[in-house]
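The values are calculated or read from the model by the stated rules, or taken from the named source; none is laboratory data. Note that the structure is predicted; figures quoted are calculated from it, not measured. Here the Cβ positions follow ideal geometry from the backbone for every residue, glycine too, while neighbour counts run over all protein chains shown.
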Amino acid sequence: MIEKYITILKNLNLKMGLGEDMATGLAETIAVLSLLLVCIAVFFLIKFILKKTVFKLIQRTTNKYDDLLIKNKVIGRTCLLIPAMIFGGLLPQVLPDYPDTVEFLMKFVRIVEICFFTMILSSILTTLEDMYNTHEMSKLKPITGLVQVLKIVLYVMAGLVIIAFLMNTSVNTILISLGTMSAVVMLIFQDTIKGFVGSIQLSMNDMLRIGDWIVMGPADGNVLEINLTTVKVQNWDNTITTIPTYALVSSPFTNWRGMTDSGGRRIARTINIDVNTIRYCTPEMLEKYKQYDLVKDYIMKREEEIEEYNKANSIDTSQIMNGRQQTNIGIFRAYIKAYLKNNPKLNHNLTMMVRQMQANEFGVPLQIYAFSCDKRWVNYEEIQSDLFDHIITAAPMFDLKIYQKH
């Protein structure tokens, strides 16, 4: 069929007045382009059939493992390999009069097939990793690092095969040559190599993206550029800091992306209460505190609970040490909690608490833990400052003093 097609094209060219060689060359060129178009059409046809049959069947099954084949493009990349194999198989028949051209194009086709095959194997490794990560064992023994190493080895081997194929030699010869030159290459390009490996790790682990706000040493700002050897950061004061790419893998740094992607920015700050001002509440103190709207209901409810408890256990309350009693620091904590819950600038869907921490030489620390709705730095600091302005000012209203070293 291919020979008849080429013959028809050649006869048409001859009728147009072209010479024998020109007619043959043009006919076979058109045949090659036709074969290419057929292969492209085969790719889209296979993809269309798969979407209408296999993809829908996979989506309907309860098994989630087969969904990973679509997610990681295993099937889609396999569709690329089939047209390439068809093109390589029929190319010698399309260009029978140009063996040198066939040999050159076949090298190109084989390289494309190697690349597609490597992509398929990479997708399979990712799929196996995703399958493994669905099990509890993955939390104890993650295999992400192992999969990354396997992928790097796969890409390196694919590159070596391509180089050996182009040079008409064996992979062993290439490896021996590389082994001889490796010491010199490592010495001259050590920063580039470390940067290359570091950039791969940053990318594959999603450790860093353009626009992320990071803190590392003098760098404190947004990432502007990530290249092979350096990462460029624009600091909050608009200065530019460059960091070696491999340093972000070998040394710890802070990435604020989690905060910016979340529903709020964390506030975690303590105030120290003077121990000498902490005491049981007298009836006069309770009556005074009941005038504060945010804790009025809390105090009355606690009074009822304490009274019922003391009566049920026949406790002599003539001595304040007996039974359960309210303290001014406890009511102050309840006041801060209520104040936080009534603050519209805080995210009430995230963790919000006031906790007493281990007492130290500076008194009893009370930690306020909450999240501001506004994550922008200036606004966040304003919200935090307003919050502690109020808390510090409110402390004396509960007969408490903030510790201050004299």
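May I ask you to verify whether residue 403 is outside the structural domain of residue 340 (by TED's automatic domain parsing) and touching a residue at least 24 places away in the same chain (Cβ under 8 Å)? First the steps, then the outcome.
Values: outside the structural domain of residue 340 (by TED's automatic domain parsing): yes; touching a residue at least 24 places away in the same chain (Cβ under 8 Å): yes.
Judged against the criteria, residue 403 is a match.
Can you name every residue in the range 176-211 that is at pLDDT below 75 and exposed (fewer than 12 other Cβ atoms within 10 Å of the Cβ)?
176, 179, 180, 181, 182, 183, 184, 186, 187, 188, 190
Right, residue 40: at pLDDT 75 or above, in the same structural domain as residue 110 (by TED's automatic domain parsing), closer than 23 Å to residue 108 by Cα and not charged (D, E, K, R) or not? Steps first, answer last, please.
Working: at pLDDT 75 or above: yes; in the same structural domain as residue 110 (by TED's automatic domain parsing): yes; closer than 23 Å to residue 108 by Cα: yes; not charged (D, E, K, R): yes.
Yes: the conditions hold for residue 40.
Tell me, which helices (runs of 4 or more DSSP H) lie completely within the range 212-291 with 1 or more residues that are at pLDDT 90 or above and of a type in the set (Asp, Glu)? Show your work before the answer.
Working: elements: 247-250, 257-261, 283-289.
In the range 212-291, 283-289 are the helices (runs of 4 or more DSSP H) which contain 1 or more residues that are at pLDDT 90 or above and of a type in the set (Asp, Glu).
Taking the range 307-366 as the region of interest, how many residues are in a strand (DSSP E or B) and crowded, with 18+ Cβ neighbours inside 10 Å? Outline the logic, then answer.
The first filter runs over the range 307-366 and keeps only residues in a strand (DSSP E or B), leaving 327, 346, 353-356, 360, 363-366.
Of the ones still in play, those that are also crowded, with 18+ Cβ neighbours inside 10 Å are 346, 354, 363-364, 366.
Of the residues in that region, 5 qualify.
I need the full set of residues from the range 191-238 which are free of Cβ contacts under 8 Å to residues at least 40 places away in the same chain, in contact with a Gly (Cβ under 8 Å, 6 or more places away or on another chain) and closer than 21 Å to residue 262 by Cα, in order please.
222, 223
Being of a type in the set (Val, Ile, Thr), in contact (Cβ under 8 Å) with a residue 12 or more places away in the chain and more than 28 Å from residue 339 (Cα to Cα): is that true of residue 242 here? Steps first, answer last, please.
Values: of a type in the set (Val, Ile, Thr): yes; in contact (Cβ under 8 Å) with a residue 12 or more places away in the chain: yes; more than 28 Å from residue 339 (Cα to Cα): yes.
Taking the combined requirement at face value, the residue satisfies it.
Might you check whether a residue that is touching a Lys or Arg at 6+ places or on another chain (Cβ under 9 Å), touching a residue at least 40 places away in the same chain (Cβ under 8 Å), on the phi < 0 side of the Ramachandran plot and of a type in the set (A, V, I, L, M) occurs anywhere in the range 268-284?
Checking the range 268-284: at least one residue is touching a Lys or Arg at 6+ places or on another chain (Cβ under 9 Å), touching a residue at least 40 places away in the same chain (Cβ under 8 Å), on the phi < 0 side of the Ramachandran plot and of a type in the set (A, V, I, L, M).
A quick yes/no check of all residues on (1) surrounded by 13 or more Cβ atoms within 10 Å (Cβ to Cβ); (2) modelled with pLDDT of 70 or more:
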position	(1), (2)
5	yes, no
20	no, no
33	no, yes
75	yes, yes
79	yes, yes
98	yes, no
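Please state which of the following conditions residue 352 fails to meet, knowing it meets all the rest: (1) farther than 30 Å from residue 214 by Cα; (2) touching a helix residue (DSSP H, G or I) at 6+ places or on another chain (Cβ under 7 Å).
Here residue 352 clears every test but (1).
Could we say that residue 298 is closer than 22 Å to residue 396 by Cβ and either touching a helix residue (DSSP H, G or I) at 6+ places or on another chain (Cβ under 7 Å) or at pLDDT below 90 (or both) here?
Yes; evaluated as a whole, the condition is true for this residue.
Give the number of residues within the range 367-406 that are of a type in the set (A, V, I, L, M, F, W, C), part of a strand (DSSP E or B) and under 19 Å from residue 342 (Cα atoms).
Restricting attention to the range 367-406, the residues satisfying the condition of being of a type in the set (A, V, I, L, M, F, W, C) are 368, 370-371, 373, 377-378, 383, 387-388, 391-392, 394-395, 397-398, 400, 402.
Next cut, part of a strand (DSSP E or B) only: 368, 370-371, 402.
Imposing the further condition that a residue be under 19 Å from residue 342 (Cα atoms) reduces the set to 368, 370-371.
Total meeting the criteria: 3.
Per-residue answers, yes or no, for (1) under 30 Å from residue 229 (Cβ atoms); (2) among the polar types (S, T, N, Q); (3) more than 50 Å from the chain's Cα centre (by Cα):
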site	(1), (2), (3)
256	yes, no, no
270	no, yes, no
280	no, no, yes
295	no, no, no
323	no, no, yes
335	no, no, no
339	no, no, no
